[in-house]
Structures are given as C-alpha cells and as structure tokens.
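The block underneath contains the structure these notes are about, expressed in structure tokens.
The values are calculated or read from the model by the stated rules, or taken from the named source; none is laboratory data. In this text, all values refer to a predicted model and were calculated from it rather than measured experimentally. As a convention, Cβ positions derive from the backbone with ideal geometry for all residues, glycine included, and neighbour counts pool all protein chains shown. Side chains included, ligands, DNA and RNA excluded: accessible areas come from the protein's heavy atoms. Shrake-Rupley method; radii C 1.70, N 1.55, O 1.52, S 1.80 Å.
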Amino acid sequence: MKKVGFFRSIQLKFIIIYILLLVIAVQVIGSYVARELEAELLDNFKESTNDRIDLLTYNMEEAFTKERTEDPEELTLQEEVQNIVADVDGSGASNIQVLNNQGRVLGTNDFLNQDAIGKKITEPIVQRSIKFRTSLDSTLLNQKTGERIFVRVEPILDREQNVQGVIYLETSLENVYGQLADINEIFLKGSVIALIVSVLIGILVARAITKPIVEMRRQAQTMARGDFTQKVQVYGNDEISQLAVTFNHLNDRLKHSMASVEQEQRKLSSVLENMSEGVIATDKHGEITLTNEAAGRLFNKSPLSLISKDLLKILELEEKVEDIIQLQESDSIVLDFSNHEEIFFVRANFSAIYDDDRFKTPSGLIAVLSDVTEDERVERERREFVSNVSHELRTPLTSLNSYTEALLDGAWKDPVIAPKFLEVTQNETERMIRMVNDLLQLSRVDSKEMSLNRENIDFNEFFNMIIDRFEMNTKDGNLVFHRDIPTQAFPVWMDKDRMTQVIDNILSNAVKYSPDGGKITCKVERQIRQIVISVKDEGIGIEYDQLDKIFDRFYRVDRARTRELGGTGLGLAITREMIEAHYGRIWANSIEGKGTTIHITLPLMNEKRRREQ
C-alpha cells in the first residue's frame, strides 16, 4: 500500500481543524471584545463630555438669566459668555461655541477662530435643538480632515424653560479610535503569538492522537500480508486506546480464524489431491476455477492448464448443452471419450454451488469425474458373454431339436439314418457339457474359488510325458513333434492337473490347426528365475490385429472349423487364467499362413522352497 504523505494525512487534517477552530474562536472573541471595547470607550468619552457640557450649561444659564444694569463697567452678555468659554479646558481637542436663540455665535474657545463671533450658524442640529428645546448629539465625519467627530448641542433655558441659546460642542473621536486601534493591534499580536503556539501544540496533540492510528494502519497492512504476530501498543485508557485493545483482539481472532481456514484448506487440498475421482469447480460462466491432479490425469493435461478453460468444451458437451446450469439437472452422465485405439468412459456428477440463498442463481458448479472405463468394459464383456453363450448354445440346441424331431417323425426306424442322428445328438450334447464345464471353471476362477494343489514338479519331464501322449494319439495324422527340451531338471511349484489342462489346450490347438505332415516344435529354455515354454505350429496363422483377442472368451480364429472339431472357444481363456494363477504370463506370435507360436513363462522354484520340500 502506498504511504500517505503528510499533506494528505489525518494528522494535517487534525492540525487544520484545530487551527480553524482557534482562528474562529479568536475572530469571534476579537470581534466581541472590539465591539464592546469601542462601545465602552465611546460611552466613557461621551460621559466625560456630557459632564463638561453640564457644568458649562449651568454657568451659561446663570449668565443668560442675570439682570444687567447700565453700568458701563459691567460685562455684557457676550463678554461674560466669552470669558466663561475661554476658561474651558481645550486640551480635549474640543471646539465649543455658545449661540443665542437666533443662532448667532456669542463666544468660542477657539482663539484662532474669533472671527466666528457674531456669525449665525445654520446647522440643522442647532435649529432642531432650539426648536424642540432638547439636547442632541451626533457622530459625523469631517469632510475636510476626514476625522470622526462628536457633535453635542445643549439648549440654554431660563427659569420659564424658554430657550435663550445653545452650547454647540464639536470634539474629535480620533483619540478614542486611536486607543481602540492600539488595543486591537495588541490583541492581534497576541492572537498571532497564541496561534503560533497553538499550531505547535496542535502538531504535538495531532501526533499524540494519530500515533496509535498510524500504528493500527501499519498493523493492518502487516495483517493484510498474513503476519498476525505483532500487536498495537496501548498508550492509555481513552477511546483510541480501547480501539487499539479491540484491534489487538481482532488480530487474535483473525489469527485463529486464518489458522482454521488454512487448516481446512490443507484438509480440502489433501482430500482433493488424494481423491481417485477428478474434481472440477467452475464459476457461473462455466470457466474452471479449481481442479485436482486426478482430473488432470483423466484428460492427460496439467491441472493448471485447465484453469480458466470452458468446462463444456473440456467435456465435449458444447453441442449438447447450451447453459452450464443445465448440467445440474442432468445429475449424472456418462461421457464417451473413446477412439479407434482404446475405449475411455468418464462418469460425471454435477452439483451447483450457492453463495448464501439456495433459491438464487448458482454461482458455480462442482463436477466429480470418475473413470468408469473398466466398469463399461466389464459391462460390455458381460453383454458379449451373454450373447456369445446364447449363440454358442443355440447352435447345438438347434441341431438337437432338429434331429430329435426327425427321429420322432420316424427316422428312428431307419437302421442307417437313426444311428447317425443319435451320434450327432450325442456329440452336440457332449460339446454343450464341455462348454458348461468350461464356463463353470471360468466362473470359479473369476470368483477366486479355484484352489491349486501345488507341488514340486520337474517341468521338462512333465512336458515330455504330455508330448508323448499327443504323439501316440496323432500317429495316423502324419504330424511331427520336434522337441528342444534340456535334459536337466527345471523344478516348478505348480498344480499338475491344472498345468496338464493348460498344455493340453495349447497342444490341441496346435494339432487342430496344423496341416497333414506339419511340424509342431516344443521348446523349453531357462532364463533368470523363470522358464519359457513355446509351442510352434505350421497352421493357418493369425492376423496381427487379432493376436491379443485369441485369449478372449468365445474367440475363434476359424469358427466353422473349430465347431467341426468340437471346440468351445474357451480353451485359451481358461489357459490364460491358469497361467496367471501360477504367476506366469502367456502371449502369442504369429505370421498369417505360416503358423503360430504360443509362449508361456513360469517361475522356477527357489532354493529355499526346494530344501523345505
């Protein structure tokens, strides 16, 4: 995660908010103090001015109401007024003029403006005061100097409350506002100093507040990387400290939860990897999101290469299924991936994945794939077996039925035909008995019920005895048996009767398919811990692509000739089962038109077993 810069951090936001609050508070307080201070200074100034006006008014009323004589030495009203005004302290930058009730100046304290005495003043405020016999004041702006001035007009009344004149006072307010400006400047400087100190304190406070938050952010990043070993330091017992405690508790819970999830994932992974069935998970679009090794083996691909592939395409269902959700409804299907070389069947079971609500659209699909090739092969073999048994039994039964009907129709009376019909009936009956016996024997082998009575047998001597018997039985057939059998003993741990049946089947087939005058070569050679027996004839041979099938049940190279010779088609199948029961192996080599060679391997009896015997 990208580191947050100072100018985008919560620390700067705290500082800005703190400064803004402080500035607003200073502005509000400063405005309130300035307003109240201005009002207080003005009130004090006006009160001081009013006191002077009251004193002056009293003196003027005395002067205006005084009775005057004709004495030339006595002061006139104007002189007395001028004397009183002249005694007024002018240090307050006040301009005082005394006017009669006609508005003419009788006296002034401005020695530089003595020319104004005798002139009439027509100021509206003066006229209103004379007219209404009331005191008036006003704050004005001097147009000449640009200064703010305070004007006060006080009427001079006689004993009958008639206006004898007015006192006109004009004084400057710049001293008051100058004091106010000085105070505001002092307040501003103090505010700036307080603001600077507050900013420094705000930075420290912001750091103190944000330090646990920064640590929790770092811890959250550490937790996001999967490391739950670290803890956030708790600095106190306030809300942020309680948040840190809660955060540490969350860390412990997440650590436990992640451990549980990882354990479950390991279990699931172990289950998936050790399942013999392939498992494929998809999203709602049918793209593969999860698969295991078994699924990869089924399709002969790496599991990783299947990720993000389309399941319908992998299962070759694109033309049969439009939407992957339809697979859920099919429950289980068998897919045929067979080709001309081998058969391959896969059973697929489907189950939908739901996030929370089962009634909503599935978020994906789980497919469990099983290789049922062997089951299908067994089922095919079972069907073929039933079909072959039915076919093989139908032929002799049809013959028996035909000959029996003929005999019942009167052929038994014919001394020539009747014996032939009875002989055929007997032969077909014996062939069915042999077939049933072979089937019973195969059934015992398949059900593992066949027991072997093993004993130590010299195979060379045993093999020669069987060949001697066949030579005696085939003297009239003009067949030659060539032996390539060592004189030394080859001890084999085997069931003599079962192995006699095996050799009989192989030699019988060699005799059946060998032409008159043909040669049958019997050979035994020793290899490491085993012997190899081979029987070679000069018969019709077997096609190359049919060699692996001669050991299947009911398989015949030449069906017509085999039936003519009384074969059931089960001999080599029984032979293979017997050889495998003796831990050996059997296979065939053949050239069509030149003959066939059957090879058998049997393990030699080890020294320990021979000593025990």
*asked:* Residues that are under 30 Å from GLU215 (Cα atoms) and modelled with pLDDT of 85 or more: does region 306-326 have at least one?
replied: no
Note: among GLU80, GLU47, GLU36, GLU40, just one is within 17 Å of ILE117 (Cα to Cα) and acidic (Asp, Glu), namely GLU80
Within region 294-344, the residues that are surrounded by 13 or more Cβ atoms within 10 Å (Cβ to Cβ), of a type in the set (Gly, Ala, Ser) and in contact with a helix residue (DSSP H, G or I) (Cβ under 7 Å, 6 or more places away or on another chain) are ALA295, GLY296
If we keep only residues of region 210-219 that are touching a Phe, Trp or Tyr at 6+ places or on another chain (Cβ under 8 Å) and surrounded by 15 or more Cβ atoms within 10 Å (Cβ to Cβ), then the residue farthest from ALA259 (Cα to Cα) is THR210
**Prompt:** Does ARG609 count as at pLDDT 90 or above, open to solvent by 10 Å² or more (accessible area, probe 1.4 Å) and within 24 Å of MET465 (Cβ to Cβ)?
**Reply:** no
On the basis of being modelled with pLDDT of 80 or more, open to solvent by less than 30 Å² (accessible area, probe 1.4 Å) and on the phi > 0 side of the Ramachandran plot, does GLY146 make the cut?
no
Of (1) closer than 30 Å to ARG35 by Cβ; (2) open to solvent by less than 80 Å² (accessible area, probe 1.4 Å); (3) at pLDDT 85 or above, ILE186 satisfies every one except (2)
Among residues of region 129-167 being touching a residue at least 24 places away in the same chain (Cβ under 8 Å) and among the charged types (D, E, K, R), the residue farthest from GLN97 (Cα to Cα) is ARG159
Within region 8-59, residues being in contact with a helix residue (DSSP H, G or I) (Cβ under 6 Å, 6 or more places away or on another chain), modelled with pLDDT of 80 or more and among the aromatic types (Phe, Trp, Tyr) number 1
Margin query: Can you find a residue that is assigned to a helix (DSSP H, G or I), in contact (Cβ under 8 Å) with a residue 60 or more places away in the chain and within 60 Å of the chain's Cα centre (by Cα) anywhere in region 175-189?
Written below: no
Taking the criterion of being touching a helix residue (DSSP H, G or I) at 6+ places or on another chain (Cβ under 7 Å) and either in contact (Cβ under 8 Å) with a residue 40 or more places away in the chain or open to solvent by 80 Å² or more (accessible area, probe 1.4 Å) (or both), would at least one residue in region 250-269 satisfy it? no
Checking THR229, THR289 in turn, the sole residue that is in a loop (DSSP other than H, G, I, E, B) and open to solvent by 70 Å² or more (accessible area, probe 1.4 Å) turns out to be THR229
Here the residues within region 119-143 that are open to solvent by 90 Å² or more (accessible area, probe 1.4 Å) and at pLDDT below 85 are LYS119, LYS120, THR122, LYS131, PHE132, ARG133, LEU141, GLN143
Q. Can ILE433 be described as under 30 Å from VAL524 (Cβ atoms), more than 60 Å from the chain's Cα centre (by Cα), at pLDDT 75 or above and in a helix (DSSP H, G or I)?
A. no
For strands (runs of 3 or more DSSP E) lying entirely in region 476-553, having 1 or more residues that are in contact with a His (Cβ under 8 Å, 6 or more places away or on another chain), open to solvent by less than 60 Å² (accessible area, probe 1.4 Å) and touching a residue at least 12 places away in the same chain (Cβ under 8 Å) picks out 491-495, 519-527, 530-536
Given (1) touching a strand residue (DSSP E or B) at 6+ places or on another chain (Cβ under 9 Å); (2) farther than 26 Å from ASP375 by Cα, ILE280 misses just (2)
If we keep only residues of region 507-534 that are more than 15 Å from ASN473 (Cβ to Cβ) and of a type in the set (Val, Ile, Thr), then the residue modelled with the lowest pLDDT is ILE528
